[in-house]
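Chemist: The following block contains the structure, expressed as structure tokens.
Readers should treat all values here as calculations from the given coordinates under stated rules, not as data from a laboratory. What you are looking at is a predicted structure, and each value in this text was computed from that prediction instead of being measured. So basically every Cβ, Gly included, is an ideal-geometry build from the backbone, and we count neighbours across all protein chains shown.
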Amino acid sequence: MKRSVPSHRAAPAGEGERRPSGDGASSRAVVLLSGGLDSTTALCWARAKGWGVAALAVSYGQRHVRELASARAVARRLGVPLHIVSLELPWLKVSSLVGRSRELPNVPLSSIGKGPIPSTYVPGRNAVFLSLAASLADAIGAGAIVIGANSMDFSGYPDCRPEFIRSFERTARLGTRLGAEGGKMRVLSPLQRLDKAGIVKLALGLKAPLGLTWSCYAGKAKPCGLCDSCKLRARGFAEAGVEDPYVQT
């Protein structure tokens, strides 16, 4: 059996190194939680950094709605309050993650993230999610949003890129009461420049409940092993030298 060597490595500077700096809004954060590997690791990272966290999950018609059960399980295990928002945006069905009549891509691992944006891209998803998180943060007096976006081992979605995250932080400061009153609304993406193996190692070091997470796009009872998300996750665990508890469930 492979053994793990947990890594509590700090997140790359510029995306996630900012800690809470005081009381009130500056010590609270809203974490976007899908129930997957990346968002669960980001949630555990935020707690380890000392943020008082509230989690936000979104039901948007995704075929892998199974991930919301994982979000609930992760939040319950960690004792984190979870807000779940339901959206009905019919135009998202252009994505194969939402439009169930569309076939999910099955491409070689070496081709993931290269070439055209894949059909699994959900138009403006992170822009919508971050807007919801900014609204919740402004309502509860939180000064930060944490997102598990990654631009290393990913499918090439434009709203996962660091320049998009930075631009949204500026927008959030301009469009919230906190920002208008002189506060800082921060958007933190601590996994931005980690590969999947690095994310797995960070998660292990943080004792994240990886066995509760769900990454598969197919929306079935068991991981399909064929979608981009399954393949990237499998490579991450393999390169980290540990077994994935998710494939045992």
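Chemist: Dipole magnitude of the chain about its Cα centre, charges +1 at Lys/Arg Cβ and -1 at Asp/Glu Cβ only, in debye to the nearest 20?
Modeler: Value, rounded to 20: 360 debye.
Chemist: Something else about it: Give me the lysines in straight-line cross-link reach of Lys231: C-alpha distance below 29 Å, same-chain residues under 8 apart excluded.
Modeler: Output for Lys231: Lys2, Lys93, Lys114, Lys196, Lys201, Lys207, Lys220, Lys222.
Chemist: Find the relative contact order for the chain and round it to a whole percent, using C-alpha pairs within less than 8 Å whose residues are 6+ positions apart.
Modeler: After rounding, I find 28 percent.
Chemist: Right, something else. So, in nm, how far is label Ala180 from label Ser101 when the simple model puts each one 7 Å beyond its Cα toward the Cβ?
Modeler: Output for this residue pair reads 4.4 nm.
Chemist: Taking all pairs of different Cα atoms in the stretch 95-165, averaging 1/r and flipping that mean, what Kirkwood radius in angstroms comes out?
Modeler: In the stretch 95-165 this quantity evaluates to 13.9 Å.
Chemist: Another question, if that's okay. Leu109 to Ser167: extension gain in nm, 0.36 nm per residue of separation minus the Cα-Cα distance?
Modeler: Residue separation times 0.36 nm, minus the Cα-Cα distance, leaves 17.9 nm.
Chemist: Non-local amide H neighbours of Ala57 (under 5 Å, H modeled in plane, Pro and chain starts lacking H): which ones?
Modeler: Leu33, His83, Ile84, Val85
Chemist: Compute log10 of I(q)/I(0) for the stretch 19-123 with the Debye formula, placing one identical point scatterer on every Cα and leaving out solvent, at q = 0.13, 0.19, 0.20, 0.25 Å⁻¹, to two decimals.
Modeler: Reported log10 I(q)/I(0), two decimals: -0.60, -0.98, -1.03, -1.23.
Chemist: Going by alpha carbons, how many degrees (0 to 90, nearest 10) lie between the helix axis of 125-140 and the longest principal axis of the chain?
Modeler: The two axes meet at around 40 degrees.
Chemist: Going by alpha carbons, how many degrees (0 to 90, nearest 10) lie between the helix axis of 66-78 and the longest principal axis of the chain?
Modeler: Roughly 50 degrees, rounded to the nearest 10.
Chemist: In which sequence would Arg102, Arg233 go, from the one with the fewest C-beta neighbours within 10 Å to the one with the most?
Modeler: Arg102, Arg233
Chemist: Translational diffusion coefficient of the chain at 25 °C, 0.890 mPa s, Stokes-Einstein with Kirkwood Rh over Cα pairs, in µm²/s as a whole number.
Modeler: In µm²/s, the coefficient rounds to 135.
Chemist: Here's a follow-up. Taking the Cα atoms only, what angle lies between the long axis of helix 162-174 and the longest principal axis of the chain, rounded to 10 degrees?
Modeler: 30 degrees
Chemist: How about the stretch 130-196: which GluC sites (Glu not before Pro) there lie in a loop by DSSP and see at most 10 other Cβ atoms within 10 Å?
Modeler: When the GluC sites (Glu not before Pro) of the stretch 130-196 are filtered for loop state and at most 10 Cβ neighbours within 10 Å, Glu181 remain.
Chemist: Taking the Cβ of each residue in Thr171, Thr40 as the centre, tally the other Cβ atoms inside 10 Å and list the residues starting with the fewest.
Modeler: Thr171, Thr40
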